[in-house]
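As structure tokens, the structure follows; a few thoughts come after it.
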Amino acid sequence: MRANDKSIRNIYCIGRNYAQHAQEMGSDLPTKPMIFSKPTHALHPAEGDLELPSEIGQIHYEVELVVKMAEAYDPEKPLEQMIDGVALGIDLTARDVQTQLKEKGHPWLVSKGFKGSAVLTEFIPFESLESFEKIEFSLEKNKEVVQKGTPTQMIFSLKELFSYIASNLGLGKGDVVYTGTPEGVGPLQDGDVLEMKAEFSGSEKNYGPLKVIFK
């Protein structure tokens, strides 16, 4: 399964799900999951050239673990049965635009949903919740590690996220969830090269390179 997989339906993203990221953004820790979404045309593979709009100001990277639903959420079923796969993703944010919108109390969509703002690797099979929680993942920018994390640092677990999304918005087959980003987010510059890495069940996966081009 790849980022251009037509089976992907809704793209849900979780804000402030890592405590140190919330702190670096000067935000309070959430008491319930913060959910926003992206349109499917925001999807972009994790290699090649990533063309981004230069007229919207700073764009920040936020690396995340992403899970894809194999079937509709059912609270009576184990998570392993409902999850199709796990991947790495980058939630790109037009930070200047987001700040302006937040100050006015307006929705964030245009700062989160622009074309190419949902970078996504291929999915690998989801083995178990235990193996998921042991994943260590990172983002490199120009060969320097800028973010790293593990699901054990998440404020809200997968089970809590699924239950909240399903009860408030619906969570069905083909939906993907960007589960939140660790600390270390920052701006992109023209020509930056991004690479993602993860340790899945003792096997390291490398994704990229992805070259940033502002147009």
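Looking only at helices (runs of 4 or more DSSP H) that fall completely inside region 1-107, which ones have 3 or more residues that are surrounded by 13 or more Cβ atoms within 10 Å (Cβ to Cβ) and at pLDDT below 95?
In region 1-107, 19-24, 95-104 are the helices (runs of 4 or more DSSP H) which contain 3 or more residues that are surrounded by 13 or more Cβ atoms within 10 Å (Cβ to Cβ) and at pLDDT below 95.
Taking the condition of being over 16 Å from the mean Cα position of the chain (by Cα) and either outside any helix (DSSP H, G or I) or within 22 Å of residue 183 (Cα to Cα) (or both), how many residues in region 108-130 meet it?
Here the count works out to 4.
Only one of these is open to solvent by less than 30 Å² (accessible area, probe 1.4 Å), at pLDDT 95 or above, within 25 Å of residue 20 (Cα to Cα) and charged (D, E, K, R): 140, 144, 195. Name it.
140
How many of the residues making up region 112-137 are among the hydrophobic types (A, V, I, L, M, F, W, C) and open to solvent by 10 Å² or more (accessible area, probe 1.4 Å)?
Final tally of qualifying residues: 5.
This table checks each residue for (1) out of contact with any Lys or Arg (no Cβ under 8 Å at 6 or more places or on another chain); (2) more than 21 Å from residue 164 (Cα to Cα).
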| residue | (1), (2) |
| --- | --- |
| 24 | yes, yes |
| 31 | yes, no |
| 36 | no, no |
| 83 | no, no |
| 94 | no, yes |
| 101 | yes, yes |
| 124 | no, yes |
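Residue check, residue 55 against (1) touching a residue at least 12 places away in the same chain (Cβ under 8 Å); (2) of a type outside the set (Lys, Arg); (3) within 23 Å of residue 211 (Cβ to Cβ), all met but one. Which one?
Going through the list (1) touching a residue at least 12 places away in the same chain (Cβ under 8 Å); (2) of a type outside the set (Lys, Arg); (3) within 23 Å of residue 211 (Cβ to Cβ), residue 55 breaks only (1).
Mind checking whether some residue in region 133-142 is of a type in the set (Gly, Ala, Ser), touching a residue at least 40 places away in the same chain (Cβ under 8 Å) and more than 23 Å from residue 9 (Cβ to Cβ)?
Looking through region 133-142, at least one residue is of a type in the set (Gly, Ala, Ser), touching a residue at least 40 places away in the same chain (Cβ under 8 Å) and more than 23 Å from residue 9 (Cβ to Cβ).
Of all residues in region 149-189, how many are open to solvent by less than 30 Å² (accessible area, probe 1.4 Å), in contact (Cβ under 8 Å) with a residue 60 or more places away in the chain and of a type in the set (S, T, N, Q)?
Going through region 149-189 one residue at a time, the tally reaches 2.
Out of curiosity, is residue 175 under 20 Å from residue 43 (Cα atoms) and under 18 Å from the mean Cα position of the chain (by Cα)?
It is true that residue 175 is under 20 Å from residue 43 (Cα atoms) and under 18 Å from the mean Cα position of the chain (by Cα).
The values are calculated or read from the model by the stated rules, or taken from the named source; none is laboratory data. The structure displayed is predicted, hence computed values, not measured ones. Every residue, glycine among them, receives a Cβ derived from its backbone with ideal geometry; neighbour counts consider all protein chains shown. Each accessible area value is taken on the protein alone, full model and side chains, heavy atoms only, with ligands, DNA and RNA left out. Shrake-Rupley method; radii C 1.70, N 1.55, O 1.52, S 1.80 Å.
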